[in-house]
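What follows is a short report on a single structure.
Any read-out appearing in this document is the output of simple, stated calculations on the displayed coordinates, not a laboratory observation. Note that the structure is predicted; figures quoted are calculated from it, not measured. Cβ sites come from the backbone with ideal geometry, for glycine too, and all protein chains shown count toward neighbours.
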Amino acid sequence: MTPSYVPPCSQERPLSSDTPPEGLILLNLAPSTEAEAAFSDCCGSHRWARRMTAHRPYPTVEALLAAADEAAYDLTSGDLAEALAAEATTPLPDRGSLTVHTALRAAHAAYEAKFGHAFVLALDEEDPGHALDQTLASLRQRLGHDEDEEAVATAEQLRRTARFRLIRLAGSPDRAGSITPGLPRGTEPTSRRYDGRGRWTVPGRA
């Protein structure tokens, strides 16, 4: 499994500022339908996106992220399944040995067989090459979870993923992007829908 790579939030602009960033201003002023669509790109739960839309305006990025965390902690199992179903996988740079990719492919298959949904990881590794090792280590650790433990871990990764995307969205309305792990080289997914633009949509299940 080669996860998509997004630099850590520490490389973004500071969260506190006297002048809100352009993306946050536009998000606050956007019509409700457009704002909800933008929020939905950060987290696929409709209830989460509607709540984030209703709580506008956000004076700072810090306030935006605090609201996002609060909304994420209130998600039900159904909301989380909806968010998982909306995730689209994108690949990391094609790095690492064949051995690493083979191990990732096997671990990802075992994960989906055990838990019935895509593996989600909000990467915080600055070096794209190291991100492969981080993903494999996380996969192996989380394969040891029972269903309840993994539900908690997945919810936390979805929350962190939403935060990463919101920081990009607040900086510029066109910068929200996926950081959901994708598939290994040469993998032929069997339960995914190909969107025709180089990405696989993975249906999540509770």
Under the Karplus relation with 6.51, -1.76 and 1.60 and θ = phi - 60°, whole-Hz ³J(HN,Hα) for the range 101-117, x at Gly and Pro, equal 5, 5, 5, 5, 4, 5, 5, 5, 4, 5, 5, 5, 5, 7, 10, x, 8
What does the charge count around S32 come to, taking other residues whose C-beta lies under 13 Å from its C-beta (Lys +1, Arg +1, Asp -1, Glu -1)?
+1
